[in-house]
1. Identify, from the list R40, R114, R101, the residue that is within 30 Å of A281 (Cβ to Cβ), among the basic types (K, R) and either open to solvent by 30 Å² or more (accessible area, probe 1.4 Å) or touching a Leu at 6+ places or on another chain (Cβ under 7 Å) (or both).
2. Quick check on region 135-152. Is at least one of its residues crowded, with 17+ Cβ neighbours inside 10 Å and modelled with pLDDT under 95?
3. If a residue must be in contact with an Asp or Glu (Cβ under 9 Å, 6 or more places away or on another chain) and on the phi < 0 side of the Ramachandran plot, how many such residues does region 194-207 contain?
4. Kindly indicate the residue of region 245-285 that is within 15 Å of the chain's Cα centre (by Cα) and without any contact (Cβ under 8 Å) to a residue 12 or more places away in the chain and also farthest from E228 (Cα to Cα) among those meeting that condition.
5. Are there any pairs with C-beta distances below 8 angstrom linking a residue in region 221-239 that is closer than 22 Å to F177 by Cα to a residue that is of a type in the set (S, T, Y) and part of a helix (DSSP H, G or I), with the two at least 6 apart or on different chains, and if so which?
6. Condition first: out of contact with any Asp or Glu (no Cβ under 9 Å at 6 or more places or on another chain) and assigned to a strand (DSSP E or B). Now tell me which residues in region 120-162 satisfy that.
Amino acid sequence: MRSLALVLSLGLSMAGGAPAIAASAEDAPAVAETPIVIGRSYALPSAVMGQTREINVWLPPGYAESGQTYPVLYVLDGGQDQDFHHISGIAQLGTIVGTTRDVIVVGIASVDRRNELALPTDDAELISRYPTQGHSDRFRRFIGEEVQPFIESRLRTSGETALMGESLAGLFVVETFLKEPQMFDAYVAVSPSLWWDGGQLARQSGAHLRDHSNDPPTLILTLGDEGEMMQAPMDVLTANLRDHALPGVKWDFTPRPAESHASIYHGAALDAFRRLYSVPAAPGT
């Protein structure tokens, strides 16, 4: 009763005690409305994939006027309803506060993640559950033969490239690093699903590493507290990196025991930005 009386008293005018009358929508002043433009989305026809695919691009502020060239970060699961806004937001923050260099972010949208991001498996249960799985090689050709040329022909790129992905996309990052290391200068694999196909990729990583003779890239690995199924193949991969990676390969593994598979991506991506795109120190500092 007391709260009801308070509400009624607030509804009375101070002058005559009459209830206050809310302004109607017709009386409200006009408010200008404009869309917020984050980037550009392209519908890229793909002969490799046999369909049109979504490619999203975020450009650093001042890109149009600068005349400069920029590094490019390619983000897997980069659809507008996936990780594009997340990762481009980190790039925007680094630009605003001056903690990281300006970078172009290219989001490559996924449609069927196990088809596009997972390598083939002989596991009957996985095949039964995911009958379209196992075409990561085709998706890699799509990126190398169509996405990268599309970006390089339209934007002022510096030639410095990186590939980032989490979970199954992290598996794709590791596979690309091992099989086609020349595609990118740097690779960021967050909580990669190395358990896929019984951890076969991790077990074969030593042989792939020994086959490398080209300029070595950078590999950044991280994993949260995600159980033995995730940790065991990561241990195999890092052991092979220690034993077989070329001396010039810059790689490291950062455990994040305070994070889960669901929470790890933001902090790991922010850390990768700061490492890959750190602002050079001013002369004399």
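The values are calculated or read from the model by the stated rules, or taken from the named source; none is laboratory data. Quantities reported herein were computed from a predicted structural model and do not represent experimental measurements. Note that we place each Cβ from the backbone using ideal geometry, even for glycine, and neighbour counts take in every protein chain shown. Note: accessible area is taken over every heavy atom of the protein model, side chains too, but ligands, DNA and RNA are not part of it. Shrake-Rupley method; radii C 1.70, N 1.55, O 1.52, S 1.80 Å.
1. Every option except R101 fails the conditions.
2. no
3. Going residue by residue through region 194-207, those that are in contact with an Asp or Glu (Cβ under 9 Å, 6 or more places away or on another chain) are 196-198, 200-202, 206.
Applying the additional criterion that residues be on the phi < 0 side of the Ramachandran plot yields 196, 200-202, 206.
Of the residues in region 194-207, 5 are in contact with an Asp or Glu (Cβ under 9 Å, 6 or more places away or on another chain) and on the phi < 0 side of the Ramachandran plot.
4. Filtering first and then ranking leaves G267.
5. Taking only residues 6 or more apart or on different chains, the pairs are L221/T238; V236/S205; L237/S205.
6. The answer is T157, S158.
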